[in-house]
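So the structure is just underneath, and the comments pick up after that.
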């Protein structure tokens, strides 16, 4: 049985959804990043970059245990392991991969930094906050344009690119407001369509349970937050 290390963040939600979609049995090992569990020695053996998610597959390539970190890599691993969520023809496969990379290189970093400056940064960071809201808006516009003429990001077939992007863009109303969300009608249609998938509903229900255990910002100590965000005594500059 695959073991998933994670909590309730969008990057972990991707892996919950993928595991539900491909139908592989899995168990969850909660990692509370707000209390610094990602820096424990045992976890660093799994991912030296101290990030969730991580999966450990006891029946990996060649029948040997395999550890995989980075959410995009995990999605590709699960897709290739099961023959699902990735088109079989080469052009379709790379359509999916390039939109997956768009999520990894732009959607995730821009939305992640936007959330940081909205929720966690001290006052006086107006330029940074504006920059990341602008960049998150720009890439949302790009995706909305893509979805204007395609049911899914890779074309007509749901797969890894959608699973990677959905956990971020479903939060546009909460992060940017209803007025901003109204500017992305195709994203809204796409989110609602994915919302109705049985695997997605099952995954989100499990995420709600693990989030209750691991996403308790109010219980985090200042040193743990400083280490997590790379600030204070942990800042490089």
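Derivation of every value follows stated rules applied to the coordinates shown; laboratory data play no part. Computed from a predicted structure; not experimentally measured. Cβ placement follows ideal geometry from the backbone for every residue including glycine, while neighbour counts extend to all protein chains displayed.
For the stretch 90-196, report the convex hull volume of the alpha-carbon atoms normalised per residue, in Å³, without decimals. Walk me through the numbers on the way to the answer.
Details: hull volume 9.6 nm³, N = 107.
Here the figure is 90 Å³ per residue.
Relative contact order of the chain, please, whole-number percent, based on alpha carbon pairs below 8 angstrom and at least 6 residues apart.
Answer for the chain is 27 percent.
Just subtract the alpha-carbon distance of residue 221 and residue 94 from 0.36 nm times their residue separation and send over the number in nm, one decimal. Walk me through the numbers on the way to the answer.
Details: separation 127, 0.36 × 127 = 45.72 nm, distance 4.35 nm.
Answer, rounded to one decimal: 41.4 nm.
Remind me, relative contact order of the stretch 157-237 in percent, using alpha carbon pairs under 8 angstrom and six or more residues apart?
Values: 22 pairs, mean separation 11.0, N = 81.
Here the relative contact order equals 14 percent.
Relative contact order of the stretch 90-196, please, whole-number percent, based on alpha carbon pairs below 8 angstrom and at least 6 residues apart.
Relative contact order comes out at 32 percent.
Provide 78, 24, 46 in ascending order of the number of other Cβ atoms located within 10 Å of each residue's Cβ, fewest first.
Ordered by Cβ neighbours within 10 Å, fewest first: 24, 46, 78.
FRET efficiency for residue 127 and residue 229, Cβ-Cβ distance as r, R0 = 25 Å, nearest 0.05?
0.90
Work out the P(r) tail for the stretch 146-237: percent of alpha carbon pairs separated by more than 22 Å, whole number.
Working: 2045 of 4186 pairs.
Roughly 49 percent, rounded to a whole number.
Determine by what factor the alpha-carbon radius of gyration of the stretch 1-65 differs from 2.2 N^0.38 Å, reporting the quotient.
Cα-based Rg divided by the globular estimate yields 1.12.
Calculate the FRET efficiency for residue 209 and residue 180 from the Cβ-Cβ distance with a Förster distance of 25 Å, rounded to the nearest 0.05.
The calculated FRET efficiency here is 0.25.
Taking all pairs of different Cα atoms in the stretch 11-164, averaging 1/r and flipping that mean, what Kirkwood radius in angstroms comes out? It would help to have the intermediate numbers written out before the result.
Values: mean 1/r = 0.0582 Å⁻¹.
Kirkwood radius, the stretch 11-164: 17.2 Å.
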